[in-house]
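Peer 1: Pasting a structure below so you can have a look.
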Amino acid sequence: DQVRRRIKEKWGFPCVRNPDTRGCDHHTTSLDVHFGILKDGRVQFVDVVKSADHSIYDEYAVNAIRLAQPFPPVPAEMMGAMKAGSTGLAISARFSYVVESSLTNLLR
């Protein structure tokens, strides 16, 4: 929960510049990442395994993970459950960007 909370604090919802209108558009999309946290809480790696529809969304998610470090140290009992020789904890995560609209929002 602490890892999720720290990442969420650093995560933003970027806009994609529309070349026709020169406006800022937000899109509903998602991406999947794998990242590793060393036992001291530092991020070892971040890999996007399924990209979003626009690369800026990938960049924002990866940056949120990197900016959220250092995380709390990985508890000894979790490290004990890892393969022998592991230096940290591997995590898979999905980042979902959702644009919400409703009749109420359109009428304001």
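Peer 1: Hey, what do the phi angles of the range 87-94 turn into as Karplus ³J(HN,Hα) couplings, whole Hz, using 6.51/-1.76/1.60 and θ = phi - 60°, x for Gly and Pro?
Peer 2: Result, rounded to whole Hz: 9, x, 10, 8, 10, 10, 9, 10.
Peer 1: Each residue of the range 15-28 in order: what ³J(HN,Hα) in whole Hz does its phi give by Karplus 6.51 cos²θ - 1.76 cosθ + 1.60, θ = phi - 60°, with x for Gly and Pro?
Peer 2: Coupling constants for the range 15-28: 9, 10, 5, 8, x, 6, 9, 6, x, 10, 10, 10, 10, 7 Hz.
Peer 1: Please list, or write none, the lysines whose alpha carbon is within less than 23 Å of the alpha carbon of LYS8, excluding same-chain residues fewer than 8 places away.
Peer 2: LYS8 reaches LYS39, LYS50.
Peer 1: Could you check how much of the accessible area of the chain is carbon and sulfur, as a whole percent, using a 1.4 Å probe?
Peer 2: Numbers: 3800 of 7360 Å².
Taking all protein chains in place, the chain shows 52 percent carbon and sulfur surface.
Peer 1: When the convex hull of the Cα atoms of the chain is projected onto a plane and the area is averaged over all directions, what value comes out in nm²? Before the final figure, lay out each step's value.
Peer 2: Working: hull surface 34.8 nm².
Here the figure is 8.7 nm², rounded to one decimal.
Peer 1: Using only the Cα atoms of the range 6-48, what semi-axes does the equivalent ellipsoid have when each is the square root of 5 times a gyration tensor eigenvalue? Give whole Å, largest first. Don't skip to the answer; put the middle values down first.
Peer 2: On the way: eigenvalues 196, 25, 14 Å².
Each semi-axis is √(5λ); the values are 31, 11, 8 Å.
Peer 1: Could you tally the net charge around GLY36, taking each other residue with its Cβ under 10 Å from the Cβ of GLY36, Lys/Arg +1 and Asp/Glu -1? Let's see the in-between values first.
Peer 2: On the way: positive: ARG42; negative: ASP47.
Neighbourhood net charge equals 0.
Peer 1: Could you work out how far helix 55-68 tilts from the main Cα principal axis of the chain, as a 0 to 90 degree angle to the nearest 10?
Peer 2: That works out to roughly 40 degrees.
Peer 1: Contour minus end-to-end for SER92 and GLU77, with contour as 0.36 nm per residue of separation and end-to-end as the Cα-Cα distance? Show your work: numbers first, answer last.
Peer 2: Working: separation 15, 0.36 × 15 = 5.40 nm, distance 1.95 nm.
Length difference between fully extended and current span is 3.5 nm.
Peer 1: Now for a different question. With a 10 Å cut-off between alpha carbons and a GNM built on the chain, which of VAL62, VAL49, VAL33 moves the most?
Peer 2: Looking only at VAL62, VAL49, VAL33, the largest GNM fluctuation is found for VAL49.
Peer 1: Report the net charge of residues surrounding TYR97, where surrounding means a beta-carbon distance below 14 angstrom and charges are Lys +1, Arg +1, Asp -1, Glu -1.
Peer 2: On the way: positive: LYS8, LYS50, ARG94; negative: ASP25, ASP32, ASP53, ASP58, GLU59, GLU100.
Result for the local shell: -3.
Peer 1: Separate question: Only loop residues by DSSP count here, and only those with at most 11 other Cβ atoms within 10 Å; note down the trypsin sites (Lys or Arg not before Pro) in the range 1-83 that meet that. Please report the intermediate quantities before stating the final value.
Peer 2: On the way: sites: ARG4, ARG5, ARG6, LYS8, LYS10, ARG17, ARG22, LYS39, ARG42, LYS50, ARG66, LYS83; in loops: ARG22, LYS39, ARG42, LYS83.
Of the trypsin sites (Lys or Arg not before Pro), the ones in loops of the range 1-83 whose Cβ has at most 11 other Cβ atoms within 10 Å are ARG22, LYS83.
Peer 1: Suppose all protein chains stay in the model; what accessible area per residue would a 1.4 Å probe give for the chain, in Å²?
Peer 2: Details: 7360 Å² over 108 residues.
Here the per-residue accessible area is 68 Å².
The values are calculated or read from the model by the stated rules, or taken from the named source; none is laboratory data. The structure presented is a predicted model; accordingly, all values stated were derived computationally and were not measured. Glycine also receives a Cβ, built like all others from the backbone with ideal geometry; neighbour counts cover every protein chain displayed. These accessible areas exclude ligands, DNA and RNA; they are computed on the full protein's heavy atoms, side chains included. Shrake-Rupley method; radii C 1.70, N 1.55, O 1.52, S 1.80 Å.
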